[in-house]
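Notes for the one structure printed next.
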Amino acid sequence: MVTALPIDEIKISGEREKYINRFLHQHIVTINNFSTPIQCMINFNKIDVQPEGVIGQYGLIGNPNSMNDYRNDDIFNDLKKKYGFKKFTGEDVEKIGPVISIDIGDGTIDFSVVDGASPVPRINSSVLLGVGNVVEEAVMNLRQKYPTYGQLNRQNFMKIALRGGDKESD
């Protein structure tokens, strides 16, 4: 299994190892298929934990169907068309030099620099301004300004905000 941790979290000594140990065994997963729960067992015997943003870069370099090949599929079609490239593959991504990725998550925004397939840790960082944190702050401010909204949660706030075009969402 390959997964990621926020950059500032992965820098904490022992944090990567705790995460690996959390998943490095058998798990029972329950999928609720309407009224029929389906249980399956998943066993992870190898865990790779990388900084957020790095995994996306790896996904552009490596072929998802063959571990020892570079990616060479339609994911690059728009790029090739826009810049007139006849060929562009994961190998080009790996050789392009340092690339900065911005990963906007629920809790953090992570800025990661990858040179080829190697993270550059001293440049990578996180800020606690992920979408979830920003929405929580907005909900709190809305409750302070309009106490009659009561216990508006993040999900309902986002439904209202994304609806747009009406008095409540403006």
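The values are calculated or read from the model by the stated rules, or taken from the named source; none is laboratory data. Keep in mind it's a predicted model, so treat the numbers as computed, not measured. Because the Cβ atoms are built from the backbone with ideal geometry, glycine has one as well, and the counts that use them run over all protein chains shown. To get the accessible areas, we keep the full protein, side chains included, count just its heavy atoms, and leave off ligands, DNA and RNA. Shrake-Rupley method; radii C 1.70, N 1.55, O 1.52, S 1.80 Å.
Laid out as a table, the results:
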{"read-out": "Asn21-Met41 pseudo-label distance in nm [points 7 Å out on the Cα-to-Cβ vector]", "value": "2.4"}
{"read-out": "Cα-only Debye scattering, the range 1-47: base-10 log of I(q)/I(0) at q = 0.24 Å⁻¹", "value": "-0.85"}
{"read-out": "Residues of type lysines that Lys18 reaches as a straight line, Cα spacing below 25 Å, ignoring anything fewer than 8 places off in the same chain", "value": "Lys46"}
{"read-out": "Translational D in µm²/s for the range 71-170 (Stokes-Einstein at 37 °C, 0.692 mPa s, Kirkwood Rh from C-alpha pairs)", "value": "191"}
{"read-out": "Inter-part distance where the range 1-36 and the range 109-170 are each reduced to a Cα centre, Å", "value": "23"}
{"read-out": "Per-residue SASA entry for Tyr58, accessible area with 1.4 Å probe, Å² rounded to 10", "value": "70"}
{"read-out": "Share antiparallel - DSSP beta bridges, the range 1-88, percent rounded to 5", "value": "70"}
{"read-out": "10 Å Cβ shell holding at most 12 others, DSSP loop, trypsin sites (Lys or Arg not before Pro): longest site-free stretch of the chain", "value": "1-45"}
{"read-out": "Calculated FRET value between Ile96 and Val127, using beta carbons and R₀ = 30 Å, to 0.05", "value": "0.75"}
{"read-out": "With DNA, RNA and ligands ignored, accessible area of Ile42 (1.4 Å probe; Å², nearest 10)", "value": "60"}
{"read-out": "Backbone N under 19 Å from the Asp73 label point (7 Å along Cα→Cβ), restricted to the range 88-108", "value": "88-94"}
{"read-out": "Amide hydrogen neighbours beyond the local backbone of Gly62, cut-off 5 Å, H modeled", "value": "Arg71"}
{"read-out": "Per-q log10 I(q)/I(0), the range 37-83, q = 0.13 Å⁻¹ (Debye; single scatterer per alpha-carbon; no solvent)", "value": "-0.51"}
{"read-out": "For the range 1-133, projected area of the alpha-carbon convex hull averaged over all directions, nm²", "value": "11.1"}
{"read-out": "Qualifying lysines (Cα of each under 22 Å from Cα of Lys80; at least 8 residues distant if same chain)", "value": "Lys95"}
{"read-out": "Amide hydrogen neighbours beyond the local backbone of Ala4, cut-off 5 Å, H modeled", "value": "Gln50"}
{"read-out": "Over the range 51-119: Rg over Rh, Cα atoms, Kirkwood Rh", "value": "1.00"}
{"read-out": "Using a Förster distance of 41 Å, the FRET efficiency for Thr148-Lys11 (Cβ separation, nearest 0.05)", "value": "0.40"}
{"read-out": "For the chain: relative contact order, % (alpha-carbon pairs under 8 angstrom, 6 or more apart)", "value": "16"}
{"read-out": "FRET efficiency, 1/(1 + (r/R0)^6) with R0 22 Å, evaluated for Ile160 and Ile104 via beta carbons", "value": "0.55"}
{"read-out": "Using θ = phi - 60° and Karplus 6.51 cos²θ - 1.76 cosθ + 1.60, couplings along the range 78-84 (whole Hz; Gly, Pro as x)", "value": "4, 4, 4, 5, 4, 9, x"}
